[in-house]
1. Quick one: 3J(HN,Hα) in Hz for the range A:228-239, Karplus 6.51/-1.76/1.60 with θ = phi - 60°, rounded, Gly and Pro as x.
2. Hey, how much of the P(r) for the range A:143-272 falls beyond 17 Å, as a percent of Cα pairs?
3. Go from 0 up to the bin containing the longest alpha carbon distance in the range B:1-61, width 10 Å each, and give me the % of pairs per bin.
4. Under a 5 Å amide H to amide H cut-off, with H placed in plane at 1.01 Å, what residues pair with B:GLU112 once short-range neighbours are removed?
5. Throw me the Rg/Rh for the range A:76-120, computed over C-alpha atoms with Kirkwood Rh, two decimals.
6. On alpha-carbon atoms, Rg over Rh for chain B using Kirkwood Rh?
7. Which value results for Rg/Rh of the range B:137-264 when Rg is the Cα radius of gyration and Rh the Kirkwood radius based on the inverse mean 1/r?
8. Distances over 14 Å make up what percent of all Cα-Cα pairs in the range B:130-192?
Amino acid sequence: MSRLAGTFRRVKSEGRPGLVTYTTAGDPDLPRSGAILEALDRAGADVLEVGVPFSDPLADGPVIQRATERALAAGSSLRATLTLIGQVRPRIAAPIVVFSYANPLLRMGLDAFADEAARAGVDGVLALDLPIEEAGGFRDTLAARGVDTIFLLSPTTTDARIQKAAELGSGFLYGISRLGVTGARDRVASGAEALVRRIRAHTALPIALGFGISRPEHVAEVGAYADAAVVGSALVSVIADAGSSPDLIERVEQYVRWLRGAAEGRTQHAHA
Amino acid sequence: MRRDPDVRGYFGEFGGRYVPETLVEPVEELERAYFDVRDDPAFAAELNRLLKHYVGRPTPVYEATRLAAEAGGARIFLKREDLTHTGAHKINNALGQALLAARMGKRRIVAETGAGQHGVASATACALLGLECHVYMGAEDMDRQALNVFRMRLLGADVHRVDAGSRTLKDAINEAMRDWVTNVVDTYYLLGSVLGPHPYPLMVREFQSVIGREARAQFRELTGGLPTAIVACVGGGSNAMGIFDAFIEDRDVRLIGVEAGGEQIIRGRHAARFAGGSAGVLQGTRTFILQDDDGNIELTHSISAGLDYAAVGPEHAWLRALGRAEYAHVSDAEALDAFQRLARLEGILPALESAHAIAYASRLARELGPSAALLVNLSGRGDKDVQSVEKALAQKDRS
């Protein structure tokens with residue numbers, strides 16, 4: 001069983017929603033980005049998504065665009081991301097998913113990337129602008145090395161394409177709660193539950209829901225119908241706000257413990 | 001004869017549909033809607049009526065004898081897209097897509113613009129059809145094309161300033177796509193060149209192919225034959241695809257695209273994708289792009305905002321791979337010189353984009369000699385560039 005599959009099975013058995021975090025590799029710089037990944041793992045994040053900075057992040061809102069700019073300015077890249085993951089992997093229990101735009105992967109070459117990713121201990125890969133139709137060969141290349149391919153599904157995705165993603169994807173499926181770019185919101189989108197139910201009709205794979213989640217009550221709400229919630233922009237904002245402050249790592253850890261509180265709370269509630 | 005890409009939108013190994021998941025279905029919906037109107041005589045009749053009575057088509061083919069005499073060689077003919085309503089070929093595509101958007105029931109239009117010509121064309125088409133228009137434009141381009149910004153606002157469009165990245169066309173496209181992905185239910189993305197995910201490269205080429213159809217017939221009437229070569233500037237490459245299209249099967253006619261050589265072919269100082277680029281994926285399509293070893297997009301430079309872009313239309317990459325089209329580049333200084341020469345010798349101010357084609361055609365005319373005849377697509381007029389040219393000339397005088 002892959003590390004991702006095992007993690008989702010354990011989360012389910014604990015009767016709580018999983019927490020998936022997103023950070024950009026190299027934000028605010030490579031050493032601290034590594035320390036942040038370790039802190040996320042310590043604080044109880046179940047899956048760590050690590051974003052590869054790209055010069056033209058057209059699916060991202062301003063918060064992750066700025067993180068990307070900081071990371072590129074700090075010398076981050078796809079190669080640096082994989083090196084970083086290789087370094088922290090032995091100290092981290094959670095599965096690690098690389099989140100990238102297609103071009104850096106294609107530039108490295110899909111075979112070379114799959115080799116490097118497997119060597120670094122990457123558990124899954126999500127290529128944001130490589131739709132299912134383009135991803136068949138990529139998925140096989142990764143699967144041959146035991147790396148999961150994660151697909152995004154959106155409210156505009158047809159049932160036929162959900163079915164294809166369910167057949168090709170592994171590890172988990174990532175539902176986008178709303179139309180638009182990444183970014184924190186006050187509320188979880190109203191169509192999110194319907195999307196998760198539509199996906200559930202096609203697959204037994206775990207479903208993580210992202211876009212617009214920033215608070216423990218969002219995690220709890222999403223946990224009522226999805227297997228996990230993804231927190232990205234809100235966490236990246238915590239990193240941005242901390243800036244060069246010495247308590248950066250502590251603030252990140254506190255924020256994730258706060259998010260996890262909802263999950264723990266629900267467990268206690270369930271047992272009460 | 002139709003030359004369609006394959007069902008996944010590929011011209012050979014270039015093209016395709018590299019978009020975030022949310023845009024997959026909207027792009028497929030667009031493809032269905034476009035394939036519907038493509039075979040609909042009523043749609044063609046409405047578009048042709050506008051092209052004739054509103055845009056002023058057909059545009060003339062004019063023989064530039066004084067320019068040719070100075071170049072000292074081949075005859076040079078200009079396809080006068082600068083004489084269209086709004087002053088550039090962009091209006092052909094903007095009207096076609098705006099009609100399509102209206103038919104799809106999408107009343108809100110987003111568009112990107114570099115030099116501002118596509119933005120002006122989109123704002124014009126939206127005013128004509130009563131559609132809401134939002135144009136994204138890089139901050140640097142807004143500064144160097146201030147006249148066009150004001151024109152768009154006069155036409156009722158909202159112009160949004162983009163401060164990200166290189167603050168030029170590429171960043172404007174990113175921002176337009178972010179708007180589209182957020183408002184996709186009621187919004188139509190009116191892309192201005194033969195770029196982006198399928199079906200845009202095909203659709204934009206077909207809306208522009210009126211240029212080549214007219215020019216081929218006009219050239220035959222004027223000379224009794226076909227040109228030795230067609231010369232057109234290539235940013236995304238829509239004016240070039242528009243004029244090349246009618247001549248693809250005429251194997252003896254050379255097709256030459258001219259890219260922006262900028263200051264020099266070194267990283268960050270030019271926009272000649274075929275001179276300094278390699279295959280990659282940018283903004284929805286696989287094509288030739290300027291990128292570094294990590295797959296990040298390199299900064300570009302050109303004196304002309306409309307050519308200042310890191311990717312080229314996928315069909316151009318394919319025509320080049322097939323050996324059917326050739327690509328050359330012309331520097332800022334050569335384009336500036338051609339701008340002035342066409343003004344003084346022919347009384348025509350070309351757009352700085354089109355001045356690249358004029359510069360290359362003059363060079364080629366000397367090489368080929370008097371037995372040859374060149375057809376140049378004069379894709380736009382240069383009023384918008386007068387201030388940039390004034391500044392560039394002042395700089396040149398100082399140095």
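1. Residue by residue, the range A:228-239 yields 7, 10, 9, 10, x, 4, 5, 5, 5, 5, 4, 5 Hz.
2. So the pairs more than 17 Å apart make up 62 percent of the total in the range A:143-272.
3. For the range B:1-61, the pair-distance distribution reads 17, 32, 31, 19, 1.
4. Result for B:GLU112 returns B:TYR136, B:GLY192.
5. Working: Rg = 10.5 Å, Rh = 11.0 Å.
Answer for the range A:76-120: 0.96.
6. Numbers: Rg = 19.3 Å, Rh = 20.6 Å.
Looking at chain B, the ratio lands at 0.94.
7. Numbers: Rg = 17.9 Å, Rh = 17.0 Å.
For the range B:137-264, the value is 1.05.
8. Working: 1109 of 1953 pairs.
That fraction is 57 percent.
The values are calculated or read from the model by the stated rules, or taken from the named source; none is laboratory data. These numbers come from a predicted model, not from an experiment. When we count neighbours, we look across all protein chains shown, and the Cβ atoms used for this are built from the backbone with ideal geometry, even at glycine. What goes into the accessible areas is simple: the full protein's heavy atoms, side chains included, and nothing from ligands, DNA or RNA. Shrake-Rupley method; radii C 1.70, N 1.55, O 1.52, S 1.80 Å.
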